[in-house]
1. Per DSSP H run of n ≥ 4, the term is -39500 (n - 2.57); total these for the chain, divide by its residue number, and report the mean residue ellipticity at 222 nm rounded to 500 deg cm²/dmol.
2. Once phi is turned into θ = phi - 60°, what whole-Hz ³J(HN,Hα) does the Karplus curve with 6.51, -1.76 and 1.60 give for every residue of the range 56-65, x standing for Gly and Pro?
3. For the chain, take N as its residue count and report Rg(C-alpha) divided by 2.2 N^0.38 Å.
4. Go through the range 36-47 residue by residue and turn each phi into a ³J(HN,Hα) via Karplus (6.51, -1.76, 1.60, θ = phi - 60°); whole Hz please, and just put x for glycine and proline.
5. Where in the chain lies the longest segment free of GluC sites (Glu not before Pro) that are both loop residues by DSSP (not H, G, I, E, B) and have at most 11 other Cβ atoms within 10 Å?
Amino acid sequence: MQMDPEVAPQVLARLRRARGQIDGVIGMVESGRDCTEIITQLAAATKALNRAGFTVVSAGLRQCAAAEQRGEDPPMDPAQLEKLFLTLS
């Protein structure tokens, strides 16, 4: 299944945010910053990555539902979508 072109900019924005946060965490570790601050930034990066993944899965669900409404075979079956969703947990 191809990613919905309308969703790609949202996913890219979240991934870029996570990349910036990870770069920040690397700098924090390199400069010997406090562990609490590092974990806070790691949690923020993790959340950004998870949101990107859930956005992709959500778009897939919408694509499959739309295909079924049109009477077409969906690009993925429910088991495949469930597997993708569970991969994020």
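1. Calculated mean residue ellipticity at 222 nm is -27000 deg cm²/dmol.
2. Here the 3J(HN,Hα) series is 5, 5, 4, 5, x, 4, 5, 4, 5, 4 Hz.
3. Relative to the 2.2 N^0.38 Å estimate, the chain comes out at 1.41.
4. 4, 5, 5, 5, 4, 6, 4, 5, 5, 5, 4, 4
5. Details: sites that count: 6, 72.
For GluC sites (Glu not before Pro) (loop position, at most 11 other Cβ atoms within 10 Å), the longest site-free span of the chain is 7-71.
Readers should treat all values here as calculations from the given coordinates under stated rules, not as data from a laboratory. Computed from a prediction, not measured in an experiment: that's the story for all the values here. Positions of Cβ are backbone-derived with ideal geometry, glycine not excepted, and every protein chain shown enters the neighbour counts.
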